[in-house]
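I have placed the structure first, in the form of structure tokens, so that the comments after it can refer back to it.
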Amino acid sequence: MRAATLAVPNGMSMTDQANMAVESCDVVVIGGGPAGSTAATLLARRGYRVIALEKARHPRFHIGESLLPMNLPVFERLGVLDKVRQLGVFKPGADFEAENERGYNTYAFARALGNSPPHAYQVWRQDFDKMLYDHARESGADAREGHEVRQIEQAGPRESWLDVVTDEGGAYRIQARYVVDASGREAFVSSKNKLRRKNDEHQSAAIFGHFRGAEPRAGEDAGNISIYSFAHGWMWMIPLPDGVMSVGAVCRPDYLKQRKGRAVEFLLETLQMSPALWRRVQHAELIGNEVRVTGNYSYDSTRMGGPGWVLVGDAFAFLDPVFSSGVYLAMSGAEQAVAVVDQSLRDPDREPALQRKLEKRQRAGMARFSFFIYRFNGPVMQDMFRDPRNIFQLEQGVISMLAGDLFDTPKVLLRLRLFKLIYAVFALIDWRRSRAEHRYRLAQARGEFTGGTTPLDKA
Ligand SMILES: Cc1cc2nc3c(=O)[nH]c(=O)nc-3n(C[C@H](O)[C@H](O)[C@H](O)COP(=O)(O)OP(=O)(O)OC[C@H]3O[C@@H](n4cnc5c(N)ncnc54)[C@H](O)[C@@H]3O)c2cc1C
């Protein structure tokens, strides 16, 4: 982190700033989402004095409701698995639209190759995030809400200064030996230090709402996340507690820019573009007539850390959420980062090597997800998802990827490599459509398309 010039928060005079209260601690965690709460809990448990700062107050709305099986071991280590169970809807798998009798294929987590748990959960994020933040506090972290970090300056590898303002008009400074940035898509440290870079391969935006009375899947598939692809992107249906269904579309930005008029109508028109999804939603009620839109995303940071600081969760990188990977990557990444912070504080000489290893591992896992994400709407991947074959246990390898088991299990990694090889062969055979899709995606990311027909329609 480069030293930055301190700005005076909230228009205070320099005298006020000089008189500001100063606190000190071992580690400051910026952001009280899943990544921040995980880091704060585990660092406090290791005996560090941790100040966690969340600018909002829990419970606060957040999107990102579908969790992965590989999140469960992290919950267990944190000691919150029972609480998640109480909050969540049982999620046995993910299903994708298909041209078979029932209209979809289920990828049941119980069929995964490795030892990933056979299910996950789907949660209201405001309840889940509050529970995790409360847990960090119960574990010994000084977890504050309504406290926003406004400025950060690094005087030395073990001396960072943060300016904090509170939503009650207060202001103070903290001196910390280490900074964990878990500020989500605000990417506080990364943005301030110009480390954030847009992903040229993949840009998208989302529009979504919550419905009551949407049709769940039948029988044992009732808790599945359902994924549908359509001409401008993909759509989700996520069953939440109390019969609510989260429904949304992730679209190429040019499509969302066409929006004229009210967001509610635009959402409903968009959902109708997938007849199979619409059949399940058409008679449901959009709760509070409330529709939310998020802007473009998909980015990473050129570095994950440096002397005395580390980025975790969305503060480091964000992937398109088609495989519900965000919360898992945030929490497991935070858990790994905690080990690095701990060892670096004990033995500073090891910090560079430990951080390099951490970043390599996180990027490798993200790249495995990204391979599928970038190609998800392409013709070849669509065919493979619609008509999966379990030759060489490839389908089971894909299920393991969907479960989030893509870091450490050799037999899964082998299947994912094999899958890539077979994909390349199919893409070669169907090269015209694959090339058209690839060019379109790059043009989208550069913002060259303003609307109209997609190359898939032309192909
Ligand atoms: C449309 C969409 C759908 C998604 N669906 C899924 C899904 O189904 N499953 C899934 O796993 N993921 C999903 N995600 C991704 C998921 O939302 C994120 O990956 C996840 O929330 C990351 O957690 P985090 O802790 O890194 O950040 P966040 O959860 O964003 O938490 C960051 C926190 O930092 C606080 N903060 C920011 N700046 C400051 C500051 N300066 N000072 C103090 N506090 C600050 C914020 O208020 C926030 O509470 C989805 C994302 C989108 C956009």
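Readers should treat all values here as calculations from the given coordinates under stated rules, not as data from a laboratory. From a predicted model like this one, the values you see are computed outputs, not experimental measurements. Every residue, glycine as well, gets a Cβ built from its backbone with ideal geometry; the counts of neighbours run over all protein chains shown.
Could you sort 228-241, 348-361 so that the peptide with the highest average Cβ count within 10 Å comes first and the rest follow in order?
228-241, 348-361
Say the cut-off is 21 Å between C-alpha atoms; which of K83/K130; K130/K194; K55/K91; K198/K260; K198/K357 go over it?
Distance filter (> 21 Å) returns K130/K194; K55/K91; K198/K260; K198/K357.
Given points 7 Å out from each Cα along the Cα-Cβ axis, report the Q282 to D383 separation in nanometres with one decimal.
Those two pseudo-labels are separated by 3.1 nm.
I want to check the label-to-label distance for F90 and K194. Put each point 7 Å from Cα in the C-beta direction and report it in nm to one decimal.
Going from the F90 label point to the K194 one covers 5.4 nm.
Quick one: length gained pulling R432 to E99 fully straight, 0.36 nm per residue minus the C-alpha distance?
Computed gain between R432 and E99 is 117.5 nm.
What number results when the radius of gyration of the chain, computed over Cα atoms, is divided by 2.2 N^0.38 Å?
My calculation over the Cα atoms of the chain gives 0.99.
For the Cα atoms of the chain, what angle does the longest principal axis make with the long axis of helix 410-429, in degrees from 0 to 90, nearest 10?
It works out to around 50 degrees.
So for the chain: antiparallel DSSP bridges make up what percent, rounded to the nearest 5?
Counting DSSP beta bridges with both partners in the chain, the antiparallel share is about 70 percent.
PRE reach from N19 (point 7 Å along Cα→Cβ): which of segment 148-190 fall under 16 Å by backbone N?
Taking a point 7 Å out along Cα→Cβ of N19, the residues of segment 148-190 whose backbone N falls under 16 Å are 170-173.
Calculate, for K420 and E168, the FRET efficiency according to 1/(1 + (r/R0)^6) with r their C-beta to C-beta distance and R0 60 Å; round to the nearest 0.05.
Efficiency computed from Cβ-Cβ geometry: 0.70.
Along Cα→Cβ, 7 Å out, is where each label goes; now give me the distance between the ones at R57 and D408 in nm to one decimal.
Here the answer is 4.0 nm between the modelled labels.
Exposure proxy check: T409, T270, T38 ranked by fewest other beta carbons within 10 Å?
Ascending number of Cβ neighbours within 10 Å: T409, T270, T38.
Under 14 Å between alpha carbons, and skipping anything fewer than 8 positions from K411 in its own chain: which aspartates and glutamates qualify?
Output for K411: E395.
Enter the angle in degrees (range 0 to 90, nearest 10) between the Cα long axis of helix 34-45 and the first principal axis of the Cα atoms of the chain, meaning the one along which they spread out most.
40 degrees
Helix 394-403: angle to the longest alpha-carbon principal axis of the chain, degrees 0 to 90, nearest 10?
Helix 394-403 and the main axis of the chain meet at about 40 degrees.
What order, most packed first, do the peptides 362-371, 21-30 have when packing is the mean number of other Cβ atoms within 10 Å of each residue?
The packing order, highest mean first, is 21-30, 362-371.
Considering all projection directions equally, how large on average is the shadow of the alpha-carbon convex hull of segment 366-445, in square nanometres?
5.3 nm²
Express in nm, to one decimal, how much length is gained between Q272 and A364 on full extension, taking 0.36 nm for each residue of separation and deducting their alpha carbon distance.
Gain on stretching Q272 to A364: 29.4 nm.
Which one, L43, V398, M131, is farthest towards the positive end of the dipole of the chain when Lys and Arg carry +1 and Asp and Glu -1 on their Cβ?
V398
Based on the alpha-carbon set only, what is the convex hull volume of segment 280-384 divided per residue, in Å³?
Each residue corresponds to 151 Å³ of Cα convex hull volume.
Three principal axis extents, largest first, for the C-alpha atoms of segment 11-142, in Å?
Dimensions of segment 11-142 along the principal axes of its Cα atoms: 73, 34, 23 Å.
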